[in-house]
Amino acid sequence: VIDRPILLDRNENQYGPAPGCLDVLRETKLQELSLYSRDYERKVKSKLSQRLAEDLNLPEDCILLSYGSEDMLKQAIHCYLKPGEKILIPDFSWWYYKSVASEVDGQSIEYPIEERDNRFAHNINEIVKLLKIHQPKILLIASPNNPTGNSFPQEDLRALLKQAPETLVILDEAYKGFTDEEVDSTQLVNVSDTLLVLRTFSKLYALAGARIGYACAGKRLSRLTTFSTRYLGYNLLSEKLAMAALDSADYYDEVRRRTVAERERYQREFNGLQDWKTYDSDANFLLVKIPEESKASLKHWMQKRRIALKFFDEERLSSYVRITVGTEAQNDILLSAVKEFAELPNPVETILRR
Ligand SMILES: Cc1ncc(COP(=O)(O)O)c(C=O)c1O
């Protein structure tokens with residue numbers, strides 16, 4: 001039996017964390033929670049930052065920890081963007097970028113993410129042009145981008161970093177880990193000292209509720225390092241969960257394999273519906289274009305079945321729906337609800353009657 005509601009609207013990982021995370025919860029002694037960390041005495045932020053530094057082969061002081069990557073994004077923008085200064089963000093993007101920039105009275109300038117056949121793509125020439133015109137303080141790149149699902153090619157990133165040596169480049173990699181072709185961008189902090197790579201345990205590692213993320217920071221970002229470092233430590237339980245996740249590579253390889261297979265199934269099935277179109281994605285969700293006139297009725301149809309999908313309020317996204325890849329069983333339910341909907345002779349009228 002599948003629990004309802006089926007939540008496919010916020011790109012959470014429905015496969016759940018590795019069993020090793022449950023062992024952490026079982027084995028943590030209550031008494032441990034009453035203590036602050038003493039890791040600063042060893043001149044490191046924490047055991048997790050040390051572990052990540054070892055895994056990524058970076059100095060520990062490049063690794064910053066945060067309450068999810070949302071938190072590090074906010075800290076970086078609050079730390080560097082002054083009122084009236086500009087931040088370049090993708091036009092199709094996570095709404096939160098603009099919202100944080102406006103908290104500090106920054107000015108958001110959008111660069112286009114272009115639709116090319118059945119995928120979206122960044123246009124590096126356009127970004128370079130806008131960098132020259134606007135001289136922004138911050139350039140934000142999400143790879144894979146939410147909601148379009150496309151990655152930013154590594155060679156373009158290297159080229160861009162060369163073009164923008166004075167710009168803080170924030171690379172949001174929240175959805176890293178859901179493709180077979182992975183490159184490690186964290187190593188670029190060795191060549192670009194104004195690069196900040198944001199990572200999270202929320203998506204691939206399925207620890208969104210534990211609120212734990214990290215960043216790799218280039219050497220010139222020492223102001224952010226000081227700003228974000230917590231003398232009394234971080235959330236001990238979340239850190240232990242993150243380390244148990246890092247120890248469970250086989251489990252997450254399997255999550256990746258199943259997510260990719262299910263994402264491909266979604267694409268085949270949705271593309272088979274009249275006037276539905278999907279876009280290639282490297283993330284655990286798909287952006288789907290649907291006939292605009294069926295949006296309200298589809299929303300209603302899904303709500304009645306207690307299946308949550310992401311519909312957008314923004315004008316330019318009004319004929320798209322973003323669907324998180326769930327477990328096989330959840331996806332079966334979603335797909336049969338969608339097919340039933342698509343086969344209705346006149347969805348709008350029928351739905352008013354049901
Ligand atoms: C593009 C993107 N970046 C970052 C986040 C933040 O995730 P968290 O704060 O859980 O790490 C999200 C959440 O959905 C997201 O869509």
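The values are calculated or read from the model by the stated rules, or taken from the named source; none is laboratory data. Bear in mind the structure is a predicted one, so any value in this text is a computation, not a measurement. Cβ: placed from backbone, ideal geometry, glycine included. Neighbour counts: every protein chain shown. With ligands, DNA and RNA removed, areas are computed over all heavy atoms of the protein, side chains included. Shrake-Rupley method; radii C 1.70, N 1.55, O 1.52, S 1.80 Å.
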Self-check item: Qualifying residue in segment 258-278 (condition: farther than 23 Å from SER143 by Cβ and surrounded by 21 or more Cβ atoms within 10 Å (Cβ to Cβ))
Solution: yes
Quiz item: Do you know which residues across segment 246-294 are touching a helix residue (DSSP H, G or I) at 6+ places or on another chain (Cβ under 6 Å), modelled with pLDDT of 95 or more and assigned to a helix (DSSP H, G or I)?
Solution: GLU262, GLU269
Self-check item: Selected residue (criterion: nearest to ASP39 (Cα to Cα)) from residues of segment 243-257 that are open to solvent by less than 20 Å² (accessible area, probe 1.4 Å) and hydrophobic (A, V, I, L, M, F, W, C)
Solution: ALA244
Quiz item: Can you tell me which of THR148, THR179, THR186 is farther than 24 Å from TYR320 by Cα and either modelled with pLDDT under 95 or buried (at least 17 other Cβ atoms within 10 Å of the Cβ) (or both)?
Solution: THR186
Quiz item: Listed residues LEU131, LEU168, LEU140; which is closer than 19 Å to ASP193 by Cβ, within 14 Å of the ligand (Cβ to nearest atom) and in contact with a helix residue (DSSP H, G or I) (Cβ under 7 Å, 6 or more places away or on another chain)?
Solution: LEU140
Quiz item: Which pairs do you get when a residue that is within 16 Å of THR225 (Cα to Cα) and small (Gly, Ala, Ser), found in segment 71-85, comes within reach of a residue that is away from the ligand (no atom under 12 Å from the Cβ) and open to solvent by less than 10 Å² (accessible area, probe 1.4 Å), reach meaning Cβ atoms under 6 angstrom, with the pair 6+ apart or on two chains?
Solution: ALA76/LEU196; ALA76/LEU224
Exercise. Out of THR167, THR200, report the one residue that is touching a Ser or Thr at 6+ places or on another chain (Cβ under 7 Å), polar (S, T, N, Q) and farther than 30 Å from GLN14 by Cα.
Key: THR167
Self-check item: Qualifying positions in segment 219-242 - away from the ligand (no atom under 16 Å from the Cβ), aliphatic (A, V, I, L, M) and crowded, with 17+ Cβ neighbours inside 10 Å
Solution: LEU221, LEU224, LEU236
Quiz item: Going through segment 195-212 one residue at a time, which ones are closer than 25 Å to LEU139 by Cβ, surrounded by fewer than 24 Cβ atoms within 10 Å (Cβ to Cβ) and touching an Asp or Glu at 6+ places or on another chain (Cβ under 7 Å)?
Solution: none
Quiz item: Does LYS45 satisfy the criteria of being open to solvent by less than 40 Å² (accessible area, probe 1.4 Å) and among the basic types (Lys, Arg)?
Solution: yes
Quiz item: What are the residues in segment 92-114 that are surrounded by 14 or more Cβ atoms within 10 Å (Cβ to Cβ) and acidic (Asp, Glu), if any?
Solution: GLU110, GLU114
Self-check item: Lone unmet requirement of (1) within 16 Å of the ligand (Cβ to nearest atom); (2) in contact with a Ser or Thr (Cβ under 9 Å, 6 or more places away or on another chain); (3) closer than 20 Å to LEU196 by Cβ for PHE120
Solution: (3)
Quiz prompt | Residue that is nearest to the ligand (Cβ to nearest atom) [pool: residues in segment 57-73 that are within 23 Å of the chain's Cα centre (by Cα) and among the charged types (D, E, K, R)] | solution = GLU70
Quiz item: Out of all the residues in segment 207-218, is one or more among the charged types (D, E, K, R), within 16 Å of the ligand (Cβ to nearest atom) and under 19 Å from the mean Cα position of the chain (by Cα)?
Solution: yes
